[in-house]
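Derivation of every value follows stated rules applied to the coordinates shown; laboratory data play no part. Note that the coordinates shown come from a computational prediction; the quantities given were computed from them, not determined experimentally. FYI the Cβ positions are ideal-geometry reconstructions off the backbone, even for glycines, and counts take in every protein chain you see.
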Amino acid sequence: MTQLLRVPLADPRSETLAMKSEIMSALESVLEDGTYILGPQVKRFEDVLVARIGAHGLCGVASGTDALVLAMLAAGVKQDDEVIAPSHTAGPTIAAILMIGAVPVLVDVQEDTGCIDPHCVAAAITLKTRAIIAVHLYGHPADLQALRGVAGSIPLIEDCAQAIDAEAGGRKVGSIGDFGCFSFYPTKNLGAVGDGGAVSCARGEDLEKLRQLRVYGWSRPQCAERDGGRCSRLDEMQAAILSVKLKNLSAQLERRRTIAAHYRDGLKGLPLILPMERQGNHHTYHLFVIRSARRNALEAHLTRQGIGTGRHYPLPAHQQPAFARRARIAGTMAVTEKISGEILSLPMFGTMTEVQTDIVVDAVRSFA
């Protein structure tokens, strides 16, 4: 029999059920309206989210992975072009590059945040480089100011899947690069009840490209004009759910920051490396990832205590065969390989109670 966790790693069910009555009302309105594809719910959600982010435009799509694919296509990335990305990232970042036949150029990350290292990016740029993907890892923004200086005219794509509402220099992620890509996978800070995603952009012409690309490349119904078009539409039902959750996002994120502060206080003085927040940045704590030289033993100890943990990510992209065969490895991966053997994600979700947080802290301290 599977052990019932005292504290799960994530709990999207409880976060959704906390808004159940409002969500059910929103879903009923979709059923009664009768417009089920790219209707008023998607338009309403896009309008509210783009205003919150501060980007020029935003296009709802079927998933966070599709968001990356469509952003690269809109940026003009073609087969055999090179796209620079960190090796320390979730698999979809690299899978999206391969989906359009481009070549992932994998680079190392900065040790303090785990985000892509601008110096490594600068060294990896060639005449074939057509885009740079900056992953805002765990909810902390990548160094976009430095990356923009390095990128020059090369399109900068923000992977905001884990970092909605995070800020760098007073601006929200997704409004700083040429494109911002969001995922609404259920465990994300703004999670659907299924898949969903969105792409923000800085220019009107790119918004038009994205809208065409998500519907078969159509310039008008049944007229495919733009190459690379596919079926990638945010569902009306999911948009209705996301609109409800978006109204509660600030409270959810503030709760995550409170939990993170509780962790910091409780774990202070232990032989661990805790997440940091660079000056001028606003971390949204999709994950609370610690580092320990005794990671495996700590992980086993917490499992025995009924506490969910994770490794984000256990195997860097350059060590995954299907990615490595088709990628170019740019430079050494010393930081990536070091931290991948030390990282451990502790429970973090918007409905996590103080009692649950104390259980985790006590369990980690009892190990130490």
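What are the residues in region 276-317 that are farther than 22 Å from Met352 by Cα, touching a residue at least 60 places away in the same chain (Cβ under 8 Å) and under 26 Å from the mean Cα position of the chain (by Cα), if any?
Result: Arg278, Gly280, Asn281, Tyr313, Pro316, Ala317.
Does Ile273 satisfy the criteria of being over 23 Å from Thr129 (Cα atoms), touching a strand residue (DSSP E or B) at 6+ places or on another chain (Cβ under 6 Å) and of a type outside the set (Gly, Ala, Ser)?
Taking the combined requirement at face value, the residue satisfies it.
Report, by residue number, each residue of region 318-337 that is surrounded by fewer than 14 Cβ atoms within 10 Å (Cβ to Cβ) and either under 19 Å from the mean Cα position of the chain (by Cα) or part of a helix (DSSP H, G or I) (or both).
Scanning region 318-337 gives Pro321, Ala322, Ala334.
Any residue that is of a type in the set (D, E, K, R), under 20 Å from the mean Cα position of the chain (by Cα), more than 29 Å from Val83 (Cα to Cα) and surrounded by 17 or more Cβ atoms within 10 Å (Cβ to Cβ) - is there at least one of those in region 256-275?
Of the residues in region 256-275, the ones of a type in the set (D, E, K, R) are 256-257, 264-265, 268.
Checking which are under 20 Å from the mean Cα position of the chain (by Cα) leaves us with 256-257.
Of the ones still in play, those that are also more than 29 Å from Val83 (Cα to Cα) are 256-257.
From what's left, surrounded by 17 or more Cβ atoms within 10 Å (Cβ to Cβ): 256.
The answer is yes; a qualifying residue exists.
Identify the single condition in (1) aliphatic (A, V, I, L, M); (2) part of a helix (DSSP H, G or I); (3) within 27 Å of Gln110 (Cβ to Cβ); (4) in contact with an Asp or Glu (Cβ under 8 Å, 6 or more places away or on another chain) that Ala260 does not satisfy, given that it satisfies every other one.
(4)
In this structure, is Lys172 touching a helix residue (DSSP H, G or I) at 6+ places or on another chain (Cβ under 7 Å) and either at negative phi or surrounded by fewer than 22 Cβ atoms within 10 Å (Cβ to Cβ) (or both)?
yes
Anything in region 47-91 that is among the basic types (Lys, Arg) and touching a Gly at 6+ places or on another chain (Cβ under 8 Å)? List them, or say none.
Lys78, the sole residue that qualifies.
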